[in-house]
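Please read through the structure below; I'll follow up with questions.
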Amino acid sequence: MSGAFCERVARDGLAWEDAWLDPRTCARVVGELDFAFWRRSQVADRAEGVLVSRESIERTSLSTSAKWFSPALRRIVDDIQARLVTEFGVDEAHLEAWQAVAYAAGGRFGTHHDGGHLAGEPGGERVLTFLLCVAAPDAGGATYFPDLDLLLQPVAGRLVVWNNLTADGTIDQRMRHAATPVHEGRKVMLTTWSRQRPLHA
């Protein structure tokens with residue numbers, strides 16, 4: 001199944017697999033994230049040619065990064081990353097540090113693209129996005145791809161992967177997406193991206 005999953009991403013640009021992560025591990029991730037340091041999520045943008053991070057009314061969520069993960073959570077994420085490296089053939093050195101994002105009721109992220117502003121950075125553009133749901137809200141919170149007319153409901157354990165670049169290395173605009181508002185409950189996601197070039201040794 002994993003091989004077919006990987007081929008779908010390569011061919012169509014986007015694919016997902018349910019139960020990629022089991023319920024027990026999802027619950028352990030969410031529990032360990034209670035000990036992380038959370039702050040209001042930011043968006044990346046360029047100002048006068050310089051890459052900056054800033055808060056935006058288009059993104060109302062909380063984020064934390066791997067540097068704030070507990071030792072137990074780091075071990076879990078290391079296992080998740082090892083699976084991604086094997087199943088998708090990505091080089092570990094090309095992967096960004098993991099992030100967790102939590103959306104409470106009303107939380108959302110407007111339509112955006114994960115690439116398009118990183119070409120001049122040492123690691124280059126984001127090639128693949130890996131989005132793993134570890135807690136699903138009671139209502140709302142879907143990931144919407146307007147150019148694909150695709151609405152993916154959050155399901156705990158579901159891994160969604162998409163290719164941000166076309167075959168010639170330009171930005172695939174079809175992969176613009178939004179996190180639609182959560183209506184009830186809480187959505188928690190783990191995410192990382194593979195870049196064109198190594199980020200670390």
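Do any residues in region 9-25 that are touching a residue at least 24 places away in the same chain (Cβ under 8 Å) have Cβ atoms under 8 Å from those of residues that are exposed (fewer than 11 other Cβ atoms within 10 Å of the Cβ) and of a type outside the set (Asp, Glu), where the two are at least six apart or on different chains, and which pairs are they?
17/1
Inside region 145-201, can you point out the residues that are out of contact with any strand residue (DSSP E or B) (no Cβ under 9 Å at 6 or more places or on another chain) and among the hydroxyl-bearing types (Ser, Thr, Tyr)?
166, 170
OK, next. Quick check on this structure: which one of 90, 155 is assigned to a loop (DSSP other than H, G, I, E, B), out of contact with any His (no Cβ under 7 Å at 6 or more places or on another chain) and either free of Cβ contacts under 8 Å to residues at least 24 places away in the same chain or surrounded by fewer than 17 Cβ atoms within 10 Å (Cβ to Cβ) (or both)?
Being assigned to a loop (DSSP other than H, G, I, E, B), out of contact with any His (no Cβ under 7 Å at 6 or more places or on another chain) and either free of Cβ contacts under 8 Å to residues at least 24 places away in the same chain or surrounded by fewer than 17 Cβ atoms within 10 Å (Cβ to Cβ) (or both) holds for just one of 90, 155, which is 155.
Can you report the number of residues in region 5-41 which are in a loop (DSSP other than H, G, I, E, B), more than 17 Å from residue 129 (Cβ to Cβ) and in contact with a strand residue (DSSP E or B) (Cβ under 7 Å, 6 or more places away or on another chain)?
3
State whether the residues of region 49-57 include one that is under 22 Å from residue 136 (Cα atoms) and either out of contact with any helix residue (DSSP H, G or I) (no Cβ under 6 Å at 6 or more places or on another chain) or β-branched (Val, Ile, Thr) (or both).
no
Each value in this text was obtained by applying a stated rule to the coordinates, not by laboratory testing. Since this is a predicted model, take the numbers as computed values, not measurements. With ideal geometry, Cβ positions are generated from the backbone for all residues, glycine too; neighbour counts draw on all protein chains shown.
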